[in-house]
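**Student:** Input: one structure, supplied below.
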Amino acid sequence: MQAGMQIVNGTCVPIQSYVGGACGDAQICNGGSVCMGTSCQCPLGMTPIYDASLQQTICIPAISYVGESCGNGQICKGNSTCDMAGTKNCTCSIGYIPQLDSQLNKYVCIAGKSKIFMICKLKVFLGLKTFLS
């Protein structure tokens, strides 16, 4: 039998490995993992988690909060979105401001007006008032 292969129901098929398992030759990495060197690992933006139903460790998208990196596929949480064009960090959308969530010990976005938004609005209003006078 060829290296990296096993017999299943009388058929020669590639050995399937999960996170931490051996790979190379004909072995296939499963559970979202990729072959790095000689073992299956989670790629950037993914994090390992044990899946009880599979009884294996698989890769799921990593979670990021306000101010944390999201440029490698991480999912922004806490009402934040990924600023892929700029910082590649999770940021609050217009109309939301960052606030520390004491339970998570992470920043999340809450509805409200930022100081910058209010200053911009005031400048626009004052400029408009001057223009109309």
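The values are calculated or read from the model by the stated rules, or taken from the named source; none is laboratory data. What you are looking at is a predicted structure, and each value in this text was computed from that prediction instead of being measured. Reconstructed Cβ throughout: ideal geometry from the backbone, glycine too, with neighbour counts over all protein chains shown.
**Student:** Would you please list the contacts, defined by Cβ atoms under 6 Å and residues six or more apart or on different chains, that run from a residue in the stretch 93-109 that is at positive phi to a residue that is buried (at least 19 other Cβ atoms within 10 Å of the Cβ) and of a type in the set (S, T, N, Q)?
**Tutor:** Going by the 6 Å Cβ cut-off, there are no qualifying pairs.
**Student:** Taking the stretch 49-67 only, how many residues are loosely packed, with under 15 Cβ neighbours inside 10 Å and out of contact with any strand residue (DSSP E or B) (no Cβ under 7 Å at 6 or more places or on another chain)?
**Tutor:** 4
**Student:** Ok, one more. Would you say C70 is surrounded by 19 or more Cβ atoms within 10 Å (Cβ to Cβ), assigned by TED's automatic domain parsing to the domain that holds N105 and not polar (S, T, N, Q)?
**Tutor:** Values: surrounded by 19 or more Cβ atoms within 10 Å (Cβ to Cβ): yes; assigned by TED's automatic domain parsing to the domain that holds N105: yes; not polar (S, T, N, Q): yes.
The answer is yes for C70.
**Student:** Taking the stretch 15-32 as the region of interest, how many residues are in a loop (DSSP other than H, G, I, E, B) and at positive phi?
**Tutor:** Qualifying residue count, the stretch 15-32: 4.
**Student:** Looking only at residues in the stretch 33-48 that are surrounded by fewer than 17 Cβ atoms within 10 Å (Cβ to Cβ) and in a loop (DSSP other than H, G, I, E, B), which one is modelled with the highest pLDDT?
**Tutor:** Only one residue fits best here, namely P43.
**Student:** Oh, and also: Got at least one residue in the stretch 73-82 being without any contact (Cβ under 8 Å) to a residue 24 or more places away in the chain, buried (at least 16 other Cβ atoms within 10 Å of the Cβ) and part of a loop (DSSP other than H, G, I, E, B)?
**Tutor:** Within the stretch 73-82, none of the residues are without any contact (Cβ under 8 Å) to a residue 24 or more places away in the chain, buried (at least 16 other Cβ atoms within 10 Å of the Cβ) and part of a loop (DSSP other than H, G, I, E, B).
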